[in-house]
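J.: Structure in structure tokens, see below.
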């Protein structure tokens, strides 16, 4: 699973040590489903899950659960194990199973491939912390600067003025919750960056609703300050 897909589909839910204590709302899971999901995760090497999320691919109609273990490690780098699975009636619009279905199965629940390792980077401020995806560890210092600016309210407003609408002038920075950040990445996919884009431009991907819609924040680091450039909304 690519970096962008990882970012788009993750929203945290809480688990107990014995199993899942909170499940994705609206997924329609029965008690038997829940037992089988936990058993399948264990069969795939994930014991004592930490979070379960639902992901919907609106283009082809697939639904998945993404089950992830509790993170481990110390310092900046944190590792966990994640698996995808689907129920046998969660089929695509053409009635087909997703590519890569299997090889593990428990009851009605089928894996999509094998479990995979996941790396996040922990940014801390005293006892407060957030774990985020980064393209590489060498971007940690910039990511920390961005998160701390959000947390401490020191973002510099660099949004363009509105030229139409009910309120003219520069819009205010929206209320931002750093814990909603899933990942931080550069906003271009090739090197060098396109004209008008700084080497220290970043986009912040926020937790989304079932991978269907969400928000992206756009920032730039200039001389040690973090400038807020705007936000965009997406619907898949």
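J.: Roughly how many nanometres apart are two label points built 7 Å out from the Cα toward the Cβ at residue 125 and residue 222?
T.: 2.2
J.: Can you give the extra length, in nm with one decimal, that the chain gains between residue 162 and residue 232 once fully stretched, where that is 0.36 nm per residue apart less the Cα-Cα distance? It would help to have the intermediate numbers written out before the result.
T.: Values: separation 70, 0.36 × 70 = 25.20 nm, distance 1.51 nm.
Difference between extended and current length: 23.7 nm.
J.: Quote to one decimal, in nm, the extra length available between residue 154 and residue 135 on full extension: 0.36 nm per residue of separation minus the C-alpha distance between them.
T.: 4.4 nm
J.: Compute the distance in nm between two label points, each set 7 Å from the Cα along the Cα-to-Cβ direction, one at residue 105 and one at residue 39.
T.: Placing both labels 7 Å along Cα→Cβ, they lie 1.4 nm apart.
J.: Ranked highest first by average number of other Cβ atoms within 10 Å, how do 93-103, 143-153 line up? It would help to have the intermediate numbers written out before the result.
T.: Values: 93-103: 11.8, 143-153: 18.4.
The densest-packed peptide leads the list: 143-153, 93-103.
None of the figures in this text is laboratory data; all of them are computed from the coordinates on show. Keep in mind it's a predicted model, so treat the numbers as computed, not measured. When we count neighbours, we look across all protein chains shown, and the Cβ atoms used for this are built from the backbone with ideal geometry, even at glycine.
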